[in-house]
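Enquirer: If you scroll down you'll find the structure; I have some questions about it.
The values are calculated or read from the model by the stated rules, or taken from the named source; none is laboratory data. Please read these numbers as outputs of a predicted model, since none were measured by experiment. Cβ coordinates were reconstructed from backbone atoms using ideal geometry, including for glycine residues, and neighbour counts include every protein chain displayed.
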């Protein structure tokens, strides 16, 4: 690595935006270069000074009142589900690739994959992207994945339990093809993403919220699952439990 | 399920309030640094929130803050266009002598071992406000609004690589200005 390259990349290093491999490359260069070492120290110090000084402004109270006054006043909270459009879809907007973009990846794989799964969910909600195979029959959906993925995702019909199977889709997460099984509950879409994992450990389900969606994540029999939906957390948990309970036992799915 | 698109729907307004109003100080901060004028920043933030509320039905992520900032940035750019056509100066956050002529020069000559003096917040704000665009915008989004490179790339509609090089440049400029500031008698 040259100093010219390091001069840019050391900022990504300071900001924690490099993955472990590239961080080490930059660190290796810095370790052998007094000039770049001094730069990193100076910029770290500058960032710390700026953080300590707190350069934010506080919005004037009048501004808050003006905005409040311009919004319709809330009455009783209303839990009714509202279908929303997807016209903006900025989460799905691809970031143009440059020479540097590929290496600017957060070290936290788990968080990144969760965010990718939510992006894939968002993409799927845009017109015409929800299903590649449209069928409520698990015996049609399951074979459709054959030959498209390293692993055939298990497909179970949960219609009688309140979750209608509506099809399957090939998606991309973490730059790899991944199977998505699509269910519907009332007006809510659930994308169940299934990917192979090297580990055969069973991980208990956990539910997290990200960008307004709930994600139920679990691992079983060498497969990772992410169920994503705008369903309430308890209903998504119910979906996951019913799915797990319906899995044919003794097969790899 | 009924589809509600009315702007008068109080439930929708409540959800918008809960999601967007916690970011008001951050939005105002960004507007102050972009426009460098307190009144213009207030107007821009109000405009931004009303536009965001209007388009809230189409909001599905990513995180609320970058989504708001992208709208705010467009409002501020419209203000730049307006300023260009009416030449009375509206910049007040930067003194006249520093306003448009950058204090900085390229940082290569900066002595690398020199320690940085810990300026007070007002001085640093002034130095940041004097940075040229698009470096100031990138710098503020990263250092003050704490967005990730990827979020910044979405807000400013530029590739992540561009964000990284602008940030490197912005920090080099700021560091030079920081050093130059130290040489001036107070």
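Enquirer: Just checking, which of A:184, A:169 is within 14 Å of chain B (Cβ to nearest Cβ), part of a strand (DSSP E or B) and in contact with a strand residue (DSSP E or B) (Cβ under 6 Å, 6 or more places away or on another chain)?
Expert: A:184
Enquirer: Please find, within segment A:48-74, the residue that is surrounded by the fewest Cβ atoms within 10 Å (Cβ to Cβ) out of those that are in a loop (DSSP other than H, G, I, E, B) and at pLDDT 90 or above.
Expert: A:58
Enquirer: Given (1) at pLDDT below 85; (2) part of a helix (DSSP H, G or I); (3) within 14 Å of another protein chain (Cβ to nearest Cβ), where does residue A:97 come up short, assuming only one miss?
Expert: In the conditions (1) at pLDDT below 85; (2) part of a helix (DSSP H, G or I); (3) within 14 Å of another protein chain (Cβ to nearest Cβ), residue A:97 misses (2) alone.
Enquirer: Taking the residues in segment A:27-47 that are touching a residue at least 24 places away in the same chain (Cβ under 8 Å) and within 12 Å of chain B (Cβ to nearest Cβ) as candidates, determine which candidate is surrounded by the most Cβ atoms within 10 Å (Cβ to Cβ).
Expert: A:39
Enquirer: Of the residues that sit in segment A:209-232 and are more than 21 Å from residue A:162 (Cα to Cα), within 14 Å of chain B (Cβ to nearest Cβ) and part of a strand (DSSP E or B), which one is modelled with the highest pLDDT?
Expert: Here the residue is A:209.
Enquirer: Identify all residues within segment A:112-161 that are surrounded by fewer than 17 Cβ atoms within 10 Å (Cβ to Cβ) and within 17 Å of residue A:185 (Cα to Cα); write none if there are none.
Expert: Result: A:134, A:135, A:136, A:137, A:157, A:159, A:160, A:161.
Enquirer: Got a number for residues in segment A:1-26 being closer than 16 Å to residue B:168 by Cβ and within 13 Å of chain B (Cβ to nearest Cβ)?
Expert: Going through segment A:1-26 one residue at a time, the tally reaches 18.
Enquirer: Scanning segment A:10-20 for residues that are in a helix (DSSP H, G or I) and free of Cβ contacts under 8 Å to residues at least 40 places away in the same chain, which turns out farthest from the chain's Cα centre (by Cα)?
Expert: So, considering only residues that are in a helix (DSSP H, G or I) and free of Cβ contacts under 8 Å to residues at least 40 places away in the same chain, the one farthest from the chain's Cα centre (by Cα) is A:10.
Enquirer: Within segment B:28-69, which residues are outside any helix (DSSP H, G or I) and facing chain A (nearest Cβ under 9 Å)?
Expert: B:55, B:59, B:60, B:61, B:62, B:63, listed by residue number.
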